[in-house]
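The values are calculated or read from the model by the stated rules, or taken from the named source; none is laboratory data. Predicted, not measured: the structure shown is a model, and the values here were computed from it. No Cβ is skipped: glycine too gets one built from the backbone with ideal geometry, and neighbour counts run over all protein chains shown.
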């Protein structure tokens, strides 16, 4: 796979099953398109029988959600890419079983929407990648002509706010049911409490990018590794969602919380520090991702370090994005030897897949941080191992983050601050 192709794939955004038309302008557009699709089916005799009431309602719901996604994409476009909508297999199409219309009939609906000029779809060029959809220019023009705006969309709570997926040895992911345990119920309540808190928060954006600041709903995603054969919520668990997570600090710095400028409080090299805590060893001083000879490619070294901890077994084939980012003359074998020579204290963890469990530790700490921020009335927006918060709350949030990290893993994890006039560096 070429580097250009990989970058294109990463820019595509996921289809939002919780996005619905709510305002009269968007509801009317969805209704008009639905009627046009039904008329097209009738003219071309695509159906032998009339839909039953329940099937018609499911059809209308699917059309409404797809139209909402296309309209939102039009008004709040990403920097590049399209919308990912898996349709290749009936099980893949049922990404959200609780959303009517997104089952085996999905491909037929999308086909008619393409035939009538609502969207264009692109089949995947690479195995295991999904079909993407994007609005046509005619659809974009209609959205603008009807003066549809952010107030016409509604984010509905659907399905479970906990997700569990299993990745096999070939990298294929399967959605699994979340275990019905007291632990799951408690985690679900915490995520819902965080979502309700964020939904009420005074959050705005003063930059020049088209962002929907009401897109705030989070989902906690657990990742069951290949070597675990029973459903478990002990691996992964990061929070995903929210408009702020899809952009870097160059965009997030223009967020305002309660009218205030924001800062980003970030744990320093959290995954390697959690690995050292797991091994009951003291980490070396300085940058834990630093390896002599790779000073110009720190981001690549961070990915390589993580790859060693997430791989189950010997990592014989490094991801191309890592190999492409190495200094000239470096190989995968050179890379592995260099990293482990810097970190002999945790070398035994390489190839054990422990990264999934370390991510669980990280996500547990971050959820605890958010719950404590809520308790003291501070709005904090999670970005994996960091939070965006009002500049006036930086010291409160920094202390909470340090305390929760120590309470959970028994070691001190430093935090640093980005943004603010006089707040740079560690706190």
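Return yes or no: is residue 62 exposed (fewer than 14 other Cβ atoms within 10 Å of the Cβ), modelled with pLDDT of 90 or more and not in a loop (DSSP other than H, G, I, E, B)?
Answer is no for this residue.
Could you list, in sequence order, the residues of the range 127-162 that are surrounded by fewer than 18 Cβ atoms within 10 Å (Cβ to Cβ), in a loop (DSSP other than H, G, I, E, B) and in contact with a helix residue (DSSP H, G or I) (Cβ under 9 Å, 6 or more places away or on another chain)?
Filtering the range 127-162 down to residues surrounded by fewer than 18 Cβ atoms within 10 Å (Cβ to Cβ) leaves 127-129, 136-138, 140-141, 144-147, 149-151, 154, 156-160.
This time we only want the ones that are in a loop (DSSP other than H, G, I, E, B), so: 127-129, 136, 146-147, 149, 156-160.
129, 136, 146, 147, 149, 157, 160, listed by residue number.
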Identify the residue in the range 394-423 that is free of Cβ contacts under 8 Å to residues at least 60 places away in the same chain and under 26 Å from the mean Cα position of the chain (by Cα) and, among all such residues, is surrounded by the most Cβ atoms within 10 Å (Cβ to Cβ).
-> 400
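So, in the range 1-51, of the ones that are part of a loop (DSSP other than H, G, I, E, B) and farther than 23 Å from residue 65 by Cβ, which residue ends up modelled with the lowest pLDDT?
1
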Does the range 256-266 contain any residue that is at pLDDT 95 or above, in the same structural domain as residue 361 (by TED's automatic domain parsing) and part of a helix (DSSP H, G or I)?
-> no
Residue hits (the range 346-363; surrounded by fewer than 16 Cβ atoms within 10 Å (Cβ to Cβ) and either touching a residue at least 40 places away in the same chain (Cβ under 8 Å) or within 22 Å of residue 221 (Cβ to Cβ) (or both)) are 348
So how many residues does the range 283-300 have that are touching a helix residue (DSSP H, G or I) at 6+ places or on another chain (Cβ under 9 Å) and more than 15 Å from residue 270 (Cβ to Cβ)?
-> 7
Quick one: how many residues across the range 307-331 are under 17 Å from residue 227 (Cα atoms), out of contact with any strand residue (DSSP E or B) (no Cβ under 9 Å at 6 or more places or on another chain) and modelled with pLDDT of 90 or more?
-> 3
